[in-house]
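J.: Please see the structure below; I have some questions.
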């Protein structure tokens, strides 16, 4: 099938990289109705033997070029180290394939922008795998925020820490902060205007393993992410404060991940109170909505295939992926300057 | 009684300010064996009526000057708004009284330094009420750190948020961050060399209600405090990461506030691993030591009276109080510059 | 003041027993607008000295008879060991005093019934101090149940355990189970028809320190209480299951003690499903309502004084207290027979 | 391979029943070094197609008799409804096969005893799949108890509730209580001497969905299990109280499932205290040991194969399985008599 084909056919996907995340992609794409895993490419022949045994109908190859030359393949999913993203994705686009790209989409915003432009020029889908956006919890938060339930949004505060999984090639901002940057981009219409970050690599020669990132927005919204590979306990928590209601999101809760507090602040101009406190508090009920528990990767896979079949734009398209890379870049730059403010280019979301 | 008197006499204390914290001081000093509350001063006569009814043997006055002129009074405890600390404490010291001063000890480091010098010149006790230092939990942490159990200290990470208690005259760094700055000063031999802070006042004309402060130390230690008056839930948590062991401290846990994790990281130079990950993880048991549950203010009150009677230096003396004010000052300055790094004067703890 | 007096006068209360609970009663009654603590009686003169110092306007006596002879006293609050409740309360009623009686109201249902009858004969208030009934949380549960939100009530399940506070004169059913029996009586219109209990005294010569009690109701409701003085952790949890909604109540949660789950079961008669499972599950949102946080003892004290002033019946009157004693009696009897079913007399709540 | 064969060969396993649990068995046995899944039998041919696709080397059949006649098969694993356990297991044993049997091993103790005798007569392994016994947590508890760390064991208290999974053919005691009965049998040398249980089926025509079971032991140990299919939240908690130390086990905790409290009680004969309380409390540290996180089913599968190869007795052999069925039988009988005590035959563990 080529892009734009009207008949309902199966989308043939080639997956490159069968390491940590690749097997999840292969399993997921295999279970989709309108897609199948046509080929898996990896440099390691042993890994391909495992694929061959488990998925006898899937072709395997150590030659990425061969895979993208195959006219049967409609889309290429790239699950390789970040420093290979640009060259592999660019080659796939140039070969006329739709692309599914692991996050972060590239090492630099320059690379990311080039990929966005190439995909647009060729009318191909460029999908960045920011999986969190496809969870029921994040989609529910978006729904609540868009409905205006929270009132004016005051802050976003995230903690994303645990022991382990030091990365060799990316720092903790790229590895963990990336989730918050994509969630922020998805939830709010605004793009941050400035970033201040602090962080440290406790072990010389390794990337930063702990960082604190603050994002400033023109509306007065402030966002903060505390990310670390060195905490004794795993924490995955987000607080979002609105003037009317506030949200807590604890991803490790087996149920009730999302709680909405009917709590807020109000500002008084009452002259009698003016010499006292001018801020009032309101507390009320708490509410934990039922959240769609579908596997995010499944939802995302279906969305990707739909976009290919219908020629529509993915929610986590290259533009979103590019904005996330810009924030990573700015935050890393600020961190290396011990918190020095770094300004981000002003941009609309649709640019 | 004058300072240094050898006979065991009762220490007469005058308390100024009977608002939020003053009643706690009066109740606590009343229950000490070697002290009594001689006088309570407050500008509000109605408040003094309450004192008179509850404590018939205690004198009350609206005239602070009268109180510090009274030769029977040995020490003055000051629990008034921060902007009055300097003038009241200076007057008390000049009148030859020992001083117990609420935190933060002054609005500026200049004022704080002047108080320290005045107290030293006169050989008087200057005690700053950083109550947390006298909790069993913080003392236990100090004990564990001093024993070297944690190995090299890598980071200190604190969350101190809740809804409510907007202050009129001080920002959230002075109100909540102050606790972390004093705990850090007490736990570690080092003074921070630089600060980067971000924060916001969501309501014009009010002080900053939310802030993120990062402290940098020469040894590589990094400390972070997330403080807010705008969170839907109350959180009081500290993580301390060492190379060998890590601590979590949850002040809202009814028991087991303190947990020590036998978890750590190690760095390998093994050439076989060098192309792989160079950081190894170790996980083991967790241990929650029994902690002394005595009321901190009681422990602190006894310590203050002991220092007066024996002429010794309080743990939370003016020097510690001054260093804390310096950090508040630097953090506030960095916050107003959106995270711009502010350097702190290098100093030994004994200066 | 005599009962029924029309003018608004202060109710004079005599408190007997200034041990563990007595001081709470004295403090609380002292703070009520329409009441004052006239006299405190205790056999221990040292304890009375403390009262005299703290409450100079209150009379003290070691002679209970003297106190109840005093015509100024309107009501007597009895906070002495259970084995003295009957004789002291009976004497107070015979002296024409309203009575506030600690729980359980008597050692036997025979004694409890005699007290109820004496109070009714004389038109006096007989109030039993089942404090839990006056908490905002239990009142909120009652409100939800009465509104029918939960649907048919299926079960009540309580855990009430901790380490410590072995009682010398009563077993753990009297000490802890009593709370559940009074809450059950208050929440539901029904009285249990049978009891089965198991328990043990691990230390010869002491009362049973751990017990499991099951109450059976004609409607099909089943209630269970797990009570113990020997658990390593404190637990205070109640589950109430209805066909439509279910409640959890965790008394140790600082906020959100009460959670209502929109979860339930439904029973199908669909012939297609009949060979499969006939029970369906429904899961939905969770909701934690804001609960009145007033001190229960304050609410209860005001209610008691109101009842005296207006001649109305307390919520936790002698009848409720009697029914609770009957359940304690039956449960203790079943426990001594290793779970043997003990039937309870059928009775309406208004008897 | 026949039982007792000395050469190291692969154990050929036939699995009957590919419903809820069967796939877990097949996956697990497939991954063992010394075993392979030779045949899968199920009455449903569609299910067998799935097996064929996933495991092309495995034979499939709808004919159980054919499977047990196959001389290549050494052992048969039975994962079918409880009411088929006896006939299938007996047929397999008579065909000379070792047997792995799901829990509970049979509907009645009569059936269970017949299976035990048949296996012993033929020298075949009869393994009952009480998976919990093979978790790191339960093994750690056993280790602590055997080492005497807890002192005299006073009680065992379990809560095992959640919403859902009504069974059609067994009551909640067979479904959930069975876990506690096997854990109790494994942990302690003693067998209970009496049982008292209460329970209810809220939906006519369905098995009991909620039950409270108390087990009495001669040593004074008391055990209790609260099991339900009707709770709004999932709970999996066990408390074990010893005179010296106490254990909590929360199976839903991601880490630190097991906590040991250095808390206990002591009994005084001090004549000065004898009129006061005779029981003293001791509180100390809490300790959460690192627990082996291996998958229990994998550990159990290896143990089963080892027993076959070496001719040794499984930990969860037919005797343990039989004792568990006896307790289920007695508890169900007591429950139907509203808590009436049911005595269990006295027996040694080795009978």
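J.: Taking residue C:209, is it under 17 Å from the mean Cα position of the chain (by Cα) and either in contact (Cβ under 8 Å) with a residue 24 or more places away in the chain or surrounded by 23 or more Cβ atoms within 10 Å (Cβ to Cβ) (or both)?
T.: No.
J.: Right, something else. Please list, ordered by residue number, the strands (runs of 3 or more DSSP E) wholly in the stretch D:262-351 having 1 or more residues that are in the same structural domain as residue D:243 (by TED's automatic domain parsing), at pLDDT below 95 and surrounded by fewer than 14 Cβ atoms within 10 Å (Cβ to Cβ).
T.: D:264-267, D:279-282
J.: The conditions are (1) under 21 Å from residue D:211 (Cα atoms); (2) surrounded by fewer than 18 Cβ atoms within 10 Å (Cβ to Cβ), and residue D:158 fails exactly one of them. Which is it?
T.: Evaluating residue D:158 over (1) under 21 Å from residue D:211 (Cα atoms); (2) surrounded by fewer than 18 Cβ atoms within 10 Å (Cβ to Cβ) leaves (2) as the failure.
J.: Something else about it: If a residue must be under 22 Å from residue C:339 (Cβ atoms) and either without any contact (Cβ under 8 Å) to a residue 24 or more places away in the chain or at the interface with chain D (Cβ under 10 Å from one of its Cβ atoms) (or both), how many such residues does the stretch C:165-192 contain?
T.: Number of matching residues: 0.
J.: Quick check on my filter: what residues within the stretch A:218-237 are facing chain B (nearest Cβ under 9 Å), closer than 21 Å to residue B:210 by Cβ and in contact with a helix residue (DSSP H, G or I) (Cβ under 7 Å, 6 or more places away or on another chain)?
T.: Scanning the stretch A:218-237 gives a single hit, A:228.
J.: Let me ask something additional. Quick one: residue C:179 ticks every box in (1) assigned to a strand (DSSP E or B); (2) in contact with a helix residue (DSSP H, G or I) (Cβ under 8 Å, 6 or more places away or on another chain); (3) within 18 Å of residue C:234 (Cβ to Cβ) bar one, so which box is it?
T.: Among (1) assigned to a strand (DSSP E or B); (2) in contact with a helix residue (DSSP H, G or I) (Cβ under 8 Å, 6 or more places away or on another chain); (3) within 18 Å of residue C:234 (Cβ to Cβ), the lone unmet condition for residue C:179 is (1).
J.: Then there is this: Suppose we filter C:342, C:327 for residues that are closer than 28 Å to residue C:122 by Cα, touching a helix residue (DSSP H, G or I) at 6+ places or on another chain (Cβ under 8 Å) and in contact (Cβ under 8 Å) with a residue 60 or more places away in the chain; which single one remains?
T.: After applying the criteria, what remains is C:327.
J.: Restricting attention to the stretch D:163-178, which residues are at pLDDT below 90 and either crowded, with 22+ Cβ neighbours inside 10 Å or more than 16 Å from the chain's Cα centre (by Cα) (or both)?
T.: Those that are at pLDDT below 90 and either crowded, with 22+ Cβ neighbours inside 10 Å or more than 16 Å from the chain's Cα centre (by Cα) (or both): D:163, D:164, D:165, D:166, D:167, D:168, D:169.
J.: For residue C:241, are the conditions met, namely being part of a strand (DSSP E or B), facing chain D (nearest Cβ under 9 Å) and in contact (Cβ under 8 Å) with a residue 24 or more places away in the chain?
T.: Against the criterion (part of a strand (DSSP E or B), facing chain D (nearest Cβ under 9 Å) and in contact (Cβ under 8 Å) with a residue 24 or more places away in the chain), residue C:241 qualifies.
Every residue, every condition in (1) more than 27 Å from residue C:340 (Cβ to Cβ); (2) in a loop (DSSP other than H, G, I, E, B), yes or no:
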position: D:144; (1), (2): yes, no
position: D:149; (1), (2): yes, yes
position: D:198; (1), (2): no, no
position: D:212; (1), (2): no, no
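J.: May I pose another question? Looking at (1) more than 10 Å from chain A (Cβ to nearest Cβ); (2) in a strand (DSSP E or B); (3) modelled with pLDDT under 95, which is the one condition that is false for residue B:254?
T.: Result: residue B:254 passes all but (2).
J.: Filter the stretch C:199-209 for residues that are at the interface with chain D (Cβ under 10 Å from one of its Cβ atoms) and touching a helix residue (DSSP H, G or I) at 6+ places or on another chain (Cβ under 6 Å); which is nearest to residue D:247 (Cα to Cα)?
T.: C:209
J.: Suppose we filter C:215, C:187 for residues that are crowded, with 23+ Cβ neighbours inside 10 Å and in contact with a strand residue (DSSP E or B) (Cβ under 9 Å, 6 or more places away or on another chain); which single one remains?
T.: Going through C:215, C:187 in turn, the sole match is C:215.
J.: Being within 14 Å of chain B (Cβ to nearest Cβ) and modelled with pLDDT of 95 or more: is that true of residue A:157 here?
T.: Here the answer is yes, as residue A:157 does meet what is asked.
The values are calculated or read from the model by the stated rules, or taken from the named source; none is laboratory data. Computed from a predicted model, the values in this text were never measured in an experiment. Please note: Cβ atoms are built from the backbone with ideal geometry, for glycine as well, and neighbour counts cover all protein chains shown.
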